[in-house]
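The values are calculated or read from the model by the stated rules, or taken from the named source; none is laboratory data. All values reported here derive from a predicted model rather than from experimental measurement. Please note: Cβ atoms are built from the backbone with ideal geometry, for glycine as well, and neighbour counts cover all protein chains shown. The area values use the complete protein model at the heavy-atom level, side chains included, leaving out ligands, DNA and RNA. Shrake-Rupley method; radii C 1.70, N 1.55, O 1.52, S 1.80 Å.
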Amino acid sequence: MDPHAPLLQTLQTLTSVLPEKLQRPRIGIVCGSGLSGLVESFREVEMVPYENLPGFARSTVSGHKSALAFGLLGEGEGVPVVAMLGRFHRYEGHDFPTIVYPIRVMARLGVKNIIITNAAGSLNPSIPVGTIVVIQDHLALPNMTGSNPLLGPPTSPSHARFLPLSDAYSPSLRRLAFLSAHKLALPREALAEGTYAWVCGPTYETPAEGRMLRHAGADVVGMSTVPEVVVAREEGMNVLVMSLVTNFVVIPERYRSIRDEVEAELLGKKIELPKEDVVSHDEVLAVGRQKAEVMKKLVGSIVELIPTAPDLQ
Ligand SMILES: O=P(O)(O)O[C@@H]1C[C@H](O)[C@@H](CO)O1
Ligand SMILES: Nc1nc2[nH]cnc2c(=O)[nH]1
């Protein structure tokens with residue numbers, strides 16, 4: 001896809017369908033798997049299906065809708081926001097310009113701060129299922145091995161050819177996440193800080209892959225987000241990422257030994273087998289539903305605080 005061609009048309013379509021007060025959202029939100037319920041706290045919502053927007057693909061993953069939601073969030077007049085209800089993943093077969101196209105649209109609408117959510121597996125025994133992890137850094141194997149979302153000519157002459165990512169995750173926005181958790185009286189363990197590993201998917205990790213990512217310093221792993229972060233940074237946005245831990249990545253301390261089992265069997269002995277877990281997308285969506293309310297409140301509170309932070313304007 002030529003990423004430039006439909007941008008103007010997308011913007012014209014949005015201007016023609018949106019009331020004036022929703023046309024310049026200040027904050028963008030990306031809803032991860034099972035987290036589209038975030039839109040329930042918007043007021044004066046206008047939904048624009050992706051199929052009506054030139055350049056937008058359709059999400060094919062359950063737990064992801066296919067619409068942009070515009071609305072007002074927070075007390076008083078409210079802050080104009082736009083949310084992606086459904087994102088595009090590389091494993092669905094979308095190319096990078098398509099995956100990040102909505103982020104480029106948000107940037108042209110005037111979004112300066114973006115809150116990206118996702119569902120992720122925990123690699124860290126001290127980060128249990130249900131925790132919301134405020135991401136401080138990432139490990140992107142695809143970026144490092146030839147599948148970087150910025151491959152190819154820059155989309156704009158104003159974009160840096162070599163984008164630094166050492167400052168990708170805004171400390172000011174991360175601060176607001178923890179302040180909000182305090183304001184909402186969430187227990188301390190509801191939130192954690194950590195590093196997100198991006199893998200292409202759609203396969204979940206083998207135990208050896210999970211172990212490697214853990215040893216490499218990742219706390220959670222998922223199949224999205226990093227392309228959006230990279231492009232949001234290229235577009236000059238401040239980025240906050242919050243991962244909802246929906247499962248533990250299966251990393252057994254030791255492998256089940258088929259040889260031991262056979263040898264025991266031959267000696268007439270019985271071996272106690274450890275329970276073997278496998279992760280499923282249904283489990284991922286179920287935890288998303290359980291934690292939807294907390295995530296909604298947290299995002300709402302952060303959105304309300306952003307206009308009060310001078311360095312985020
Ligand atoms: O879109 P996100 O990253 O929230 O979705 C995660 C990663 C896969 O798309 C899916 C796997 O269960 O959930
Ligand atoms: N790669 C990956 N993505 C996920 N999304 C939700 N859980 C997981 C997981 O365990 N691994």
query = Relative contact order for the chain: what is it in percent, counting Cα pairs under 8 Å that are at least 6 residues apart?
reply = 25 percent
message = Nearest 500 deg cm²/dmol is fine: what mean residue ellipticity at 222 nm does the chain get from its DSSP H runs of n ≥ 4 alone, each adding -39,500 (n - 2.57), divided by its residue count?
response = -9500 deg cm²/dmol
request  = Could you work out the equivalent-ellipsoid semi-axes for the range 57-183, taking the square root of 5 times each eigenvalue of the Cα gyration tensor, largest first, in whole Å?
outcome  = 24, 21, 18
request  = Assign unit charges at the C-beta atoms only (+1 for Lys and Arg, -1 for Asp and Glu), then state the dipole size of the chain relative to its Cα centre in Debye, rounded to the nearest 20.
outcome  = 440 debye
task = Heads up, I need the accessible area for Glu235: 1.4 angstrom probe, whole protein in place, Å², nearest 10.
result = 40 Å²
query = Suppose R0 equals 22 Å; then what is the FRET efficiency for Glu272 and Ser62 from their Cβ-Cβ distance, rounded to the nearest 0.05?
reply = 0.05
query = For the range 197-240, max minus min Cα coordinate along each principal axis, in Å, sorted largest first?
reply = 37, 22, 13
task = From zero up to wherever the largest Cα-Cα distance of the range 1-115 sits, split into 5 Å bins and tell me the percent of pairs in each.
result = 2, 13, 23, 27, 20, 10, 4, 1, 0
Binned Cα-Cα distance frequencies in the range 164-313 - 5 Å width, integer % = 2, 7, 13, 15, 17, 14, 10, 6, 4, 3, 3, 2, 1, 0, 0
note = In whole Å, largest first, the alpha carbons of the chain cover along the principal axes 79, 46, 34
key: the range 212-260: Cα Rg divided by the 2.2 N^0.38 Å rule of thumb   = 1.73
task = Work out the length of the dipole vector of the range 41-153 about its Cα centre, built from +1 on the beta-carbon of each Lys and Arg and -1 on the beta-carbon of each Asp and Glu, and round it to the nearest 20 debye.
result = 200 debye
task = Evaluate the Debye formula for the range 261-313 with equal point scatterers sitting on the alpha carbons, no solvent, and hand back log10 of I(q)/I(0) at q = 0.14, 0.16, 0.31 Å⁻¹, in q order, two decimals.
result = -0.66, -0.72, -1.08
message = Give me the tail of P(r) for the range 1-67 as a percent: Cα-Cα pairs with distance above 19 Å.
response = 41 percent
Projected label distance in nm at Lys183 and Lys21, using a 7 Å step from Cα toward the beta-carbon = 2.0 nm
query = Which pairs break 32 Å Cα to Cα here: Lys21/Lys297; Lys112/Lys183; Lys275/Lys296?
reply = Lys275/Lys296
inquiry  = So if a site counts as exposed when it's one of the chymotrypsin sites (Phe, Trp or Tyr not before Pro), its DSSP state isn't H, G, I, E or B, and it has at most 15 other Cβ atoms within 10 Å, what's the longest stretch of the chain without one?
reply    = 1-161
query = Hey, what's the chain come to in accessible area per residue, 1.4 Å probe, Å²?
reply = 48 Å²
message = Suppose every Lys and Arg Cβ carries +1 and every Asp and Glu Cβ carries -1, with no other charges. What dipole size does the range 106-253 come out with about its Cα centre, to the nearest 20 debye?
response = 420 debye
